[in-house]
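Here's the structure we're looking at; comments come further down.
The values are calculated or read from the model by the stated rules, or taken from the named source; none is laboratory data. What you see is a predicted model; the values in this text were computed from it and never measured. With ideal geometry, Cβ positions are generated from the backbone for all residues, glycine too; neighbour counts draw on all protein chains shown. Each accessible area value is taken on the protein alone, full model and side chains, heavy atoms only, with ligands, DNA and RNA left out. Shrake-Rupley method; radii C 1.70, N 1.55, O 1.52, S 1.80 Å.
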Amino acid sequence: MRDRIGVDIVSVARVQALLDLHGSELARRLLTERELRDSTGAQGLLAHSVAGRIAAKEAVFKLFHEGTALLPWMHIAVVRGPSGAPLVRLTGRALTLAEASRLGPVSLSTSHDEGYAIAFATAALMSGTTPESVRPDGPSGG
Amino acid sequence: VPDDTGKALETVTQWLLQRRPELTHIPPDLDLIENRVLDSLSLMEFLFLLEQETGTSHDPESLEVDDFRTLRNIEKRFLATR
């Protein structure tokens, strides 16, 4: 069994600038209602929390090895599990892409410091899937 | 290029240049994705601003990365029919 990995890093300052410029309107196209609630503090949307979720969605999307479609932001949801660790919920287009890639359950870890949020996602390729690196038309096959 | 389309294309070009101040010019066929002028997050900001500017919304699921890959593609996909 082989794994796929995805990683992404997002500048908190960049997200803060987007929130300052567009308010929550743009965020509503990136985060689900629950994600918006979980990313809201007493002063409104928290840039570091929004940045963490953006990084998480980007990291998960990279697992799909999809080079054509846009990132299906609203179909990759990051929720807090019982232990506090982030859990990934795939729906719609994201679920279709995951199934097409024959991905197993996605594991996710996120972290942020003052300036950046980072996310790391992994998923096992289900048995019967030939990793791209050994396919005749894959990166090492040409 | 119709006048309205030309103005809209210039607005888009200026917005892209603001994102990458080290650039002074964006050739029509420059790959905006490979050159990191646009990424997943800025694509959504672009669609958001386009909707505000034109009043026309676009379903992200109906779009492909190639629609944004060059200024020429952006003009063809989003601006030419205005």
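Selection of region A:73-94 for residues being within 14 Å of another protein chain (Cβ to nearest Cβ) and touching a strand residue (DSSP E or B) at 6+ places or on another chain (Cβ under 9 Å) yields A:75, A:76, A:91, A:93, A:94. Taking region A:95-117, which residues are more than 14 Å from residue A:5 (Cα to Cα) and either of a type in the set (A, V, I, L, M) or buried (at least 17 other Cβ atoms within 10 Å of the Cβ) (or both)? Answer for region A:95-117, where residues must be more than 14 Å from residue A:5 (Cα to Cα) and either of a type in the set (A, V, I, L, M) or buried (at least 17 other Cβ atoms within 10 Å of the Cβ) (or both): A:95, A:97, A:100, A:112, A:116, A:117. For region A:39-52, filtering for residues that are surrounded by fewer than 16 Cβ atoms within 10 Å (Cβ to Cβ) and assigned to a loop (DSSP other than H, G, I, E, B) leaves 2. Could you please let me know if residue B:5 is open to solvent by less than 20 Å² (accessible area, probe 1.4 Å) and more than 28 Å from residue A:57 (Cβ to Cβ)? For residue B:5, the condition - open to solvent by less than 20 Å² (accessible area, probe 1.4 Å) and more than 28 Å from residue A:57 (Cβ to Cβ) - is met. Scanning region B:65-82 for residues that are at the interface with another protein chain (Cβ under 10 Å from one of its Cβ atoms) and open to solvent by less than 70 Å² (accessible area, probe 1.4 Å) yields B:65, B:67, B:68. Considering region A:9-38, the residues that are assigned to a loop (DSSP other than H, G, I, E, B) and within 19 Å of residue A:79 (Cα to Cα) include one that is farthest from the other protein chains (Cβ to nearest Cβ), namely A:32. Checked against the criterion of being acidic (Asp, Glu) and touching a Leu at 6+ places or on another chain (Cβ under 7 Å), the candidates A:66, A:25, A:114 yield just one match: A:66. All conditions in (1) surrounded by fewer than 21 Cβ atoms within 10 Å (Cβ to Cβ); (2) under 25 Å from residue B:57 (Cβ atoms); (3) over 14 Å from the mean Cα position of the chain (by Cα); (4) modelled with pLDDT of 95 or more hold for residue A:24, with the sole exception of (4). Just one residue in the set B:40, B:62, B:57 is among the hydroxyl-bearing types (Ser, Thr, Tyr), within 14 Å of chain A (Cβ to nearest Cβ) and crowded, with 16+ Cβ neighbours inside 10 Å; that residue is B:40.
Going residue by residue through region B:55-64, is there one that turns out to be at pLDDT 95 or above, of a type outside the set (Ser, Thr, Tyr) and in contact with an Asp or Glu (Cβ under 7 Å, 6 or more places away or on another chain)? Within region B:55-64 (the criterion being at pLDDT 95 or above, of a type outside the set (Ser, Thr, Tyr) and in contact with an Asp or Glu (Cβ under 7 Å, 6 or more places away or on another chain)), the answer is no, since none of the residues qualifies.
For region A:53-70, filtering for residues that are open to solvent by 20 Å² or more (accessible area, probe 1.4 Å), in contact (Cβ under 8 Å) with a residue 40 or more places away in the chain and either part of a loop (DSSP other than H, G, I, E, B) or facing chain B (nearest Cβ under 8 Å) (or both) leaves 3.
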